[in-house]
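Worksheet: one structure, shown below.
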Amino acid sequence: MLLTDYRPRPVLVTKKTPVTNPRFPVIDAHNHLAEPFGGGWDKRPVAALLDVLDEAQVQLYVDLDGGWGEAILQHHLDYFKAAAPERFQVFGGVDWAAWPNHGDRFGEWAAERLRVQAGWGAQGLKIWKPFGLHVRDQHGTLVAVDDPRLDPLWAAAGELNLPVIIHVADPVAFFDPLDETNERWEELHAHPDWHFPSPPFPDFMTIMTQLANVVARHPATTFIGAHVGCYAENLAWVSQLLDQCSNFYVDIGARISELGRQPYTSRRFFLQYADRILFGADLGPNLAGYRLYYRFLETDDEYFNYNTDPHGIPGQGRWYIYGLYLPDAVLEKVYYRNAQRVLRLSD
């Protein structure tokens, strides 16, 4: 039998606690609505989308797809925000391909475009992971995450009171050699373009250090480190940045797989930084996905699949997760209070 055909079925008898409704209303601060991550809801009725969100008890949905380009931003503002302004926020983005046209003044140009996007109705800035991996300047040189030429952009976000959700790097294993020691071997063979070996790419910690430099250099700008600060595998590192920078927050989008396999450390992290963690699913408006997140946060269930299909093979690595059984005071902050404050929402 080939290892790729091995499908072990756990025989451990554990408690299963379905959580249909979250303990508190939810603000989903990290998600999508278009393909490939959001389920193509930009081509489906908004009323049907609101029915899904109502059933999941998601009161506000932050759509990050505007970060892909200004045409997409305008479309999502017109299609979702205009239809239900109290239920959606849409974030803008940066057109990195325009760097050769503006040279060393690209940061000033990007800052001005952010002001224009804010005028259209964008309520935040989304930075995607090509930044630090693929974005190049007018000389063809890879742009570092802490490149000072971008300081005007980060400063403008602070002046406009727009939070910056930033995703740099990726899971650590994506930067490791693709050999028998890589715990995401199957995932990377299914998606070979997700592998970023060094060279030619920067190593993982170089990118993370550059992220920390940017956050520290712009204390007046609110940064939300996507996917548990982009380093869910090392909560001690994330904790250190949270301690050093009061303008830094994290969301938990697409990382219960990492958090759930270190339940003791994760629970301590949530208790200590209860005011700095935002709920986010990053699964599209998926009812089963939301309920899986609620189960993870609210129950003490053990050794369950982090996939929405409990019988499927875990998609990111061959491990299972444990619930955190968080107290109500922490759940209330994570589910909506923290996002309410960061996104500047009224009650």
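The values are calculated or read from the model by the stated rules, or taken from the named source; none is laboratory data. What you see is a predicted model; the values in this text were computed from it and never measured. Note: ideal-geometry Cβ built from the backbone for every residue, glycine included; neighbour counts use all protein chains shown.
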Item to complete: State the number of residues belonging to region 112-145 that are touching a residue at least 40 places away in the same chain (Cβ under 8 Å) and within 30 Å of Pro199 (Cα to Cα).
Response: 11
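Sort through Asp63, Asp95, Asp28 and tell me the only one that's in contact with a helix residue (DSSP H, G or I) (Cβ under 6 Å, 6 or more places away or on another chain) and touching a residue at least 24 places away in the same chain (Cβ under 8 Å).
Going through Asp63, Asp95, Asp28 in turn, just one is in contact with a helix residue (DSSP H, G or I) (Cβ under 6 Å, 6 or more places away or on another chain) and touching a residue at least 24 places away in the same chain (Cβ under 8 Å): Asp63.
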Worksheet item: Does Trp109 satisfy the criteria of being surrounded by 12 or more Cβ atoms within 10 Å (Cβ to Cβ), free of Cβ contacts under 8 Å to residues at least 24 places away in the same chain and in a helix (DSSP H, G or I)?
Response: yes
Worksheet, complete the sentence: Within region 284-293, the residues that are of a type outside the set (Gly, Ala, Ser), under 19 Å from Leu50 (Cβ atoms) and more than 15 Å from the chain's Cα centre (by Cα) are Asn286, Leu287, Arg291
Worksheet entry | Residues of region 172-219 that turn out to be part of a loop (DSSP other than H, G, I, E, B), surrounded by 15 or more Cβ atoms within 10 Å (Cβ to Cβ) and out of contact with any helix residue (DSSP H, G or I) (no Cβ under 8 Å at 6 or more places or on another chain), as a count | 2
Response to the item:
All-but-one check, Ser257 against (1) among the polar types (S, T, N, Q); (2) over 27 Å from Leu343 (Cα atoms); (3) under 17 Å from the mean Cα position of the chain (by Cα); (4) part of a helix (DSSP H, G or I), failing number (2)
Worksheet, complete the sentence: All conditions in (1) modelled with pLDDT of 95 or more; (2) within 29 Å of Glu187 (Cα to Cα); (3) part of a loop (DSSP other than H, G, I, E, B); (4) among the small types (Gly, Ala, Ser) are true of Ala288 except (3)
Discussion item. With the requirement that a residue be assigned to a loop (DSSP other than H, G, I, E, B), under 8 Å from the mean Cα position of the chain (by Cα) and over 18 Å from Tyr320 (Cβ atoms), what does region 243-254 give you?
Written reply: Gly253
